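A short worksheet on the structure shown next.
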Amino acid sequence: GQLPTWLQGILLRNGPGMHTIGDNKYNHWFDGLALLHSFTFKNGEVYYRSKYLRSDTYNCNIEANRIVVSEFGTMAYPDPCKNIFAKAFSYLSHTIPEFTDNCLINIMKAGDDFYATGETNFIRKINPQTLETLEKVDYHKYVSVNVATSHPHYDSAGNVLNMGTSIVDKGKTKYVLFKIPSSVPEKEKKKSCFKHLEVVCTIPSHSLLHPSYYHSFGLTENYIIFIEQPFRLDIVKMATAYIRGVNWASCLAYNNDDKTWFHFIDRKTKKEVSTKFYTDALVFFHHVNAYEEDGHIIFDLIAYTDSSLYDMFYLKNLGKDFDENTKLTSIPTCKRFVVPLQYDKDAEVGSNLVRLASTATAVKEKDGNIYCQPEILCEGIELPRINYNYNGKKYKYVFATKVQWSPVPTKIAKFNTQTKEMLHWREDHCWPSEPVFVPNPDAKEEDDGVVLTCVVKSDPKEAPFLLVLDAKTFTELARATVNVEMHMDLHGIFIPEQVVETETE
């Protein structure tokens, strides 16, 4: 096929790549050592490269020829010769374990630099052209967080907004929202933008010892949206996981009878909205988008009714009987919540406060809390992406992978949130990854651009390829076949040519 002439830049992707080291195997797909790969678009041609992230974790494991650094689903025992009691005491004194820097989930831009990110306090700077691994950054040096999301947001000035959890710091467990500036003052050019990191606000956790797990958060023009779901980390279990010989994943628990609390932080005053909004228990990983309309906040997310998704990806379930072993017990559902920030304070108890045309409701309760029920937009989509120029604004289109009852995607979808129409791309024996939308530089419409996705064949003997779809019609424009083994990945970004001067070899 043919690539649009304006498509110039690098698609950079990240995900787990190596699951066996020496005689050791990781237990979970999300534990594998990070593998970066890139597709460089230059004058109608595509160049591919891939490289393992040379994290400290990677280097220690490779040198020892076994797994010596613990990951979320795999507990490692560094040195069997050490006195077990000495080890136990040193672990008890560190409530929070030393985490891995195997940053395998996403890519973040901060200032002029790019970083591989995971969900710990470590991120790794990388060169987007050569995929070389550069310095390690520890968030904890600049802000008191022990874990952080790998789905940051960017404001119109290019500053990064991100969230992390500060675990039992000064006897409090809280969620911390922080901002990394896009540039530093001229006279401090040698300093990194992390030195100027600022805490926007903190939200106390509902429970000191059971903070909520979260993978992303939402943003509108005036508000930050944080959802405290009853999928929680047990800190005491986590602190003793090493001694008990269990992995950290076993310290996460979902409570079906609990509430899911919505927090809205005013971006100008940095204060949380005082009204308490909540919904039923749910588990979610990905926010889609959010915006404001007529005194309401509208936000869309992909939710589940249980936490089985994580369990699907234990490697013991991903073998030859994969299709039989991995049936989702809860199908991902795209839910739209409509939250009335401005409402009649004298409204009757039991009345629905939503004034927009939507089946979503927000009902006032006796105690003044507001119970929200969502409108169901569609089912069976995951890894949602939008035209990021519409982030925090009213929007129409979601680009996503289509999953049915299995966690592995078989189609790419374009969903119209207003008309509820869905377009698909699929081909037999193909597993596509998260679709990335790249806008046409002269775009007048939201879906004027292309969608890029890496497609792996279910038969490993068949070559994988990069697929380029016209985002409007969802028809194929081109594909670039890669004659190397490519892995299913997680997330990534497109870096336009003007942001990084691409070098071709």
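The values are calculated or read from the model by the stated rules, or taken from the named source; none is laboratory data. Owing to the predicted nature of the structure, the values given are computational and were not obtained by experimental measurement. Glycine gets a Cβ as well: all are built from the backbone with ideal geometry, and neighbour counts include every protein chain shown. The protein model used for the area step is the full one, side chains on, heavy atoms only, and it has no ligands, DNA or RNA in it. Shrake-Rupley method; radii C 1.70, N 1.55, O 1.52, S 1.80 Å.
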**OP:** Go through region 268-289 residue by residue and tally those that are hydrophobic (A, V, I, L, M, F, W, C) and under 16 Å from the mean Cα position of the chain (by Cα).
**Re:** 4
Original post:
Inside region 397-406, can you point out the residues that are within 18 Å of V288 (Cα to Cα) and open to solvent by 10 Å² or more (accessible area, probe 1.4 Å)?
Top reply: Y397, K402
Original post:
Does region 8-26 include one or more residues that are in a helix (DSSP H, G or I), at pLDDT 90 or above and open to solvent by less than 50 Å² (accessible area, probe 1.4 Å)?
Top reply: no
**OP:** Might you check whether a residue that is modelled with pLDDT of 95 or more, part of a loop (DSSP other than H, G, I, E, B) and either aliphatic (A, V, I, L, M) or in contact with a strand residue (DSSP E or B) (Cβ under 6 Å, 6 or more places away or on another chain) (or both) occurs anywhere in region 448-462?
**Re:** no
**OP:** For residues that are open to solvent by 40 Å² or more (accessible area, probe 1.4 Å) and charged (D, E, K, R), scanning just region 231-265, find the one that is modelled with the lowest pLDDT.
**Re:** R244
**OP:** Output the number of the condition that A347 fails; it satisfies all remaining conditions of (1) of a type in the set (G, A, S); (2) in contact (Cβ under 8 Å) with a residue 40 or more places away in the chain; (3) surrounded by fewer than 16 Cβ atoms within 10 Å (Cβ to Cβ).
**Re:** (2)
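A quick yes/no check of all residues on (1) in contact with a His (Cβ under 9 Å, 6 or more places away or on another chain); (2) under 26 Å from N106 (Cα atoms); (3) β-branched (V, I, T):
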site	(1), (2), (3)
G218	yes, yes, no
I227	yes, yes, yes
M238	no, yes, no
R244	no, no, no
C251	no, yes, no
D257	no, no, no
V273	yes, no, yes
Subject >> Hits in region 470-487 - residues which are more than 15 Å from G44 (Cα to Cα) and either outside any loop (DSSP other than H, G, I, E, B) or in contact with a Cys (Cβ under 8 Å, 6 or more places away or on another chain) (or both) >> reply: D470, E476, M486
Original post:
Quick check, is E272 in contact with a Ser or Thr (Cβ under 6 Å, 6 or more places away or on another chain), in contact (Cβ under 8 Å) with a residue 40 or more places away in the chain and charged (D, E, K, R)?
Top reply: no
Original post:
Only one residue in G73, G32 is open to solvent by less than 10 Å² (accessible area, probe 1.4 Å) and modelled with pLDDT under 95. Which one?
Top reply: G73
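For (1) within 27 Å of R385 (Cβ to Cβ); (2) modelled with pLDDT of 95 or more; (3) in contact with a His (Cβ under 7 Å, 6 or more places away or on another chain), each residue gets a yes or a no:
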site: H94; (1), (2), (3): no, no, no
site: F99; (1), (2), (3): no, no, no
site: C103; (1), (2), (3): yes, yes, no
site: D112; (1), (2), (3): yes, no, no
site: T117; (1), (2), (3): yes, yes, no
site: I123; (1), (2), (3): yes, yes, no
site: K136; (1), (2), (3): no, yes, no
site: S144; (1), (2), (3): no, no, no
site: H153; (1), (2), (3): yes, yes, no
Original post:
Within region 312-416, which strands (runs of 3 or more DSSP E) (wholly inside it) include 1 or more residues that are among the charged types (D, E, K, R)?
Top reply: 333-340, 361-364, 375-379, 381-385, 397-402, 411-416
Original post:
Of all residues in region 145-162 being assigned to a loop (DSSP other than H, G, I, E, B) and open to solvent by 40 Å² or more (accessible area, probe 1.4 Å), which is farthest from K125 (Cα to Cα)?
Top reply: S156
**OP:** Tell me which residues, restricted to region 46-75, are free of Cβ contacts under 8 Å to residues at least 40 places away in the same chain and either β-branched (V, I, T) or outside any helix (DSSP H, G or I) (or both).
**Re:** Y52, V68, V69
**OP:** Among residues belonging to region 417-443 that are free of Cβ contacts under 8 Å to residues at least 40 places away in the same chain, among the charged types (D, E, K, R) and outside any strand (DSSP E or B), point out the one that is nearest to Y390 (Cα to Cα).
**Re:** E421
Subject >> Residue count, region 163-212 (criterion: assigned to a strand (DSSP E or B) and of a type in the set (A, V, I, L, M)) >> reply: 9
